[in-house]
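Novice: Just dropping this structure here.
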Amino acid sequence: MNWSALTKKQQQMVVATFVLAVVQIVLMIHFLGWTKPASARGGSAKRELIKLETMLADARDILSRENVIQRELALSISKLEALAVHAPTMSDRYAWVYEYVSRCATLAGVELDNLEETILADDDKKNAAIRPYEISISTRCGYNSLVEFLWRLEKDNPLLRIKEVTVSAIPDQPQAHQIRIVIQWPSSMKIEKGAQ
């Protein structure tokens, strides 16, 4: 096309057509979103929608397992209630423990010298309720009697924990030893039922 052969009006029409074509291309690019960042084109909304759908699916999964969780909770509570008979009651803990330890000692052929509660210096009533209940036992016995005594203590009470055993020699009695045993029970067997 020869530009000089065109009339002035034709030249203006070609320039106007070219300008309109460029404007149309720019507008098309702008409105189709090719100049916008991904977040402005809906990318972040799409990611958020996917995230929310995932969270909703997780929530539905948890709700579908509610019956299983309720059954497991009921089973755990019944097991814990069955174990409660092995824990000293709060009202007469010392008497309960004394009876239990004395029975185990008698069956093992061990004579108890002393049985006392272990009380820490910073104990107060608030902390005592959350701290394990400890008893210190002092006795003299031989090795075989000690093993049987410890075995009976643990065997007959699944909640009992032997915290410490100290064995000291008695110079004039080679077959007997001075024994100190510290045993513990959980602080509380209170069962929290949770939301009903």
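Novice: For L73, indicate whether it is outside the structural domain of I135 (by TED's automatic domain parsing) and either part of a helix (DSSP H, G or I) or in contact with a Ser or Thr (Cβ under 6 Å, 6 or more places away or on another chain) (or both).
Specialist: So L73 fits the description; yes.
Novice: Further question on the same structure: Would you mind stating whether M28 is out of contact with any Cys (no Cβ under 8 Å at 6 or more places or on another chain), assigned to a helix (DSSP H, G or I), hydrophobic (A, V, I, L, M, F, W, C) and at pLDDT 90 or above?
Specialist: no
Novice: Considering only helices (runs of 4 or more DSSP H) fully contained in the stretch 76-186, which possess at least 2 residues that are over 25 Å from the mean Cα position of the chain (by Cα) and either modelled with pLDDT under 90 or surrounded by 12 or more Cβ atoms within 10 Å (Cβ to Cβ) (or both)?
Specialist: 93-108, 143-156
Novice: T17: modelled with pLDDT of 85 or more, part of a helix (DSSP H, G or I) and outside the structural domain of I179 (by TED's automatic domain parsing), yes or no?
Specialist: Yes, satisfied.
The values are calculated or read from the model by the stated rules, or taken from the named source; none is laboratory data. Worth saying up front: this structure is predicted, and the values here are computed from it rather than measured. So basically every Cβ, Gly included, is an ideal-geometry build from the backbone, and we count neighbours across all protein chains shown.
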